[in-house]
Amino acid sequence: MGSCKENQQENPQQSNCGFVQGPIIVGAGPSGLAAAACLSNHGVPSLILEKSDCIASLWQHKTYDRLKLHLPKQFCELPLMGFPEDFPRYPTKSQFISYMETYASHFSIKPKFNQGVQSAEFDSGFWRVKTQDFEYISKWLIVATGENAEPVVPEIGGMEKFQGPILHTSLYKSGSDFRNQRVLVVGCGNSGMEVSLDLCRHNANPHMVVRNTVHVLPREMFGFSTFGIAMALLKWLPLKLVDKVLLLLATIILGNTDQLGLRRPKTGPIELKNATGKTPVLDVGALSQIKSGKIKVVVEGVKEITRNGARFMNGQEKEFDSIILATGYKSNVPTWLKGCDFFTKEGMPKTPFPDCWKGSEGLYTVGFTRRGLLGTASNAVEIANDIAQLWKTNKDCRSSCNSHIIILK
């Protein structure tokens with residue numbers, strides 16, 4: 001590869017690459033902001049590249065209106081700055097976005113927007129990160145695009161025949177657009193449940209496909225956060241025993257969900273989350289609508305989409321006006337990180353938590369722990385501490401930049 005200096009000599013008026021003082025961070029979501037803030041706290045500069053036009057683009061552009069944090073705010077804080085005291089226990093979508101904007105402003109974080117990373121590759125001691133119009137070069141690369149970078153859209157036969165709208169939950173905003181419609185919701189995670197509930201509250205008729213097993217837990221137990229109870233118990237009891245306690249309490253509060261078509265996995269909720277990333281559903285009202293029959297549970301998988309609805313695996317056909325795909329998200333790291341075997345083909349670190357934050361050759365990851373914003377905060381602190389030590393002791397990382405033509409700060 002050519003150097004920035006060579007490019008400058010060839011075209012002194014239009015150099016299209018530059019060295020970055022400090023790490024390059026890819027992604028301006030909560031993970032990228034947390035990493036930048038922690039680095040700043042150590043006096044280490046960084047540069048965030050964001051493909052969208054704003055911070056937290058997933059929250060701002062791809063979430064539904066009724067969304068709230070599923071966990072209490074104390075479990076969702078980014079490092080070094082908590083939520084405002086007057087925020088409710090479960091902040092709304094707009095409140096969380098406001099918190100992140102205030103966070104970025106407080107730490108003077110100014111991402112470069114509309115910079116979609118096309119490739120990142122380690123070469124001759126540096127990470128070379130290319131966007132559509134520039135190449136950024138640094139000793140360190142922090143991958144902060146997270147586990148939920150791109151929607152997962154399944155290929156179901158016949159989708160092109162359906163005469164109504166088919167949309168992923170990333171495009172769903174409110175049930176008001178589906179009033180009085182029969183809606184097929186494919187997926188029964190937190191998004192599928194909440195979208196079905198939202199549809200109910202706008203007088204739609206949702207049918208939710210529950211093909212796989214799923215853990216449904218109450219969001220709170222006896223006035224306390226279920227997640228908080230689990231975290232407290234894990235300090236004293238083995239994980240498997242904590243899972244048994246949670247399932248016993250869930251059965252007392254919610255009843256036997258198997259009877260509603262919501263079969264529980266054999267593996268406990270926390271163990272399953274840690275192993276696969278599959279999050280238990282924290283019920284915020286959907287279960288009562290299922291019990292009342294307002295949300296219909298469809299236990300058969302979708303075989304194909306027809307002109308007027310769907311045909312299921314048992315051969316039964318039903319008519320629907322709209323189809324919503326609550327099929328989740330995936331990492332996009334394999335599409336742009338080149339020549340690196342730190343990630344699996346699914347875009348997750350091969351090294352399990354808690355050591356998944358650090359690769360080799362100055363590569364770091366934040367937001368891939370399968371442990372939500374708590375994991376993100378932990379990653380950000382670890383990464384900043386590690387890079388800060390190198391920043392203070394390795395003067396070459398700065399002098400090498402200063403010997404080149406262009407320096408980006």
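The values are calculated or read from the model by the stated rules, or taken from the named source; none is laboratory data. Since the structure is predicted, the reported quantities are computational estimates derived from the model, not experimental observations. Note that we place each Cβ from the backbone using ideal geometry, even for glycine, and neighbour counts take in every protein chain shown. The protein model used for the area step is the full one, side chains on, heavy atoms only, and it has no ligands, DNA or RNA in it. Shrake-Rupley method; radii C 1.70, N 1.55, O 1.52, S 1.80 Å.
Structural remarks
- Scanning the stretch 302-340 for residues that are outside any strand (DSSP E or B) and over 30 Å from V143 (Cβ atoms) returns T306, R307, N308, M313, N314, G315, Q316, F320, D321.
- Condition met for S108 (open to solvent by 70 Å² or more (accessible area, probe 1.4 Å) and free of Cβ contacts under 8 Å to residues at least 40 places away in the same chain): no
- Tabulated pairs, the stretch 166-193, first within 16 Å of K62 (Cα to Cα), second open to solvent by 30 Å² or more (accessible area, probe 1.4 Å) and assigned to a strand (DSSP E or B), C-beta under 7 angstrom, 6+ apart or interchain: H168/P151; S170/P151
- Filter result (in a loop (DSSP other than H, G, I, E, B), over 21 Å from G29 (Cβ atoms) and β-branched (V, I, T)) within the stretch 341-396: T351
- Hits in the stretch 290-303 - residues which are open to solvent by less than 40 Å² (accessible area, probe 1.4 Å) and over 19 Å from T213 (Cβ atoms): G293
- The stretch 140-155 - residue that is over 18 Å from the mean Cα position of the chain (by Cα) and at pLDDT below 95 and, of those, farthest from K345 (Cα to Cα): E155
- The set of residues in the stretch 313-328 that are modelled with pLDDT under 95, open to solvent by less than 60 Å² (accessible area, probe 1.4 Å) and either more than 25 Å from P218 (Cβ to Cβ) or touching a His at 6+ places or on another chain (Cβ under 6 Å) (or both) contains only G315.
- So D386, is it of a type outside the set (A, V, I, L, M, F, W, C), open to solvent by 30 Å² or more (accessible area, probe 1.4 Å) and modelled with pLDDT of 95 or more: yes
- Within the stretch 283-309, the residues that satisfy the criterion of being basic (K, R) and over 29 Å from T251 (Cα atoms) are K303, R307.
- Qualifying positions in the stretch 84-103 - surrounded by 17 or more Cβ atoms within 10 Å (Cβ to Cβ) and out of contact with any Lys or Arg (no Cβ under 8 Å at 6 or more places or on another chain): Q95, F96, I97, Y99, M100, Y103
- Restricted to the stretch 21-53, and to residues there that are more than 13 Å from I142 (Cα to Cα) and either in a strand (DSSP E or B) or among the hydroxyl-bearing types (S, T, Y) (or both), the residue that is most open to solvent (accessible area, probe 1.4 Å) is S40.
- Restricting the stretch 268-289 to residues that are among the β-branched types (V, I, T) and either open to solvent by less than 60 Å² (accessible area, probe 1.4 Å) or part of a helix (DSSP H, G or I) (or both), the residue that is nearest to M221 (Cα to Cα) is V284.
- Restricting V245, V298 to those that are of a type in the set (V, I, T) and touching a residue at least 60 places away in the same chain (Cβ under 8 Å) reduces the list to V298.
- Qualifying positions in the stretch 63-110 - in a loop (DSSP other than H, G, I, E, B) and more than 26 Å from T226 (Cβ to Cβ): L80, F107, S108, I109, K110
- Residue within the stretch 325-335 that is free of Cβ contacts under 8 Å to residues at least 60 places away in the same chain, touching a strand residue (DSSP E or B) at 6+ places or on another chain (Cβ under 7 Å) and under 20 Å from G32 (Cβ atoms) present: yes
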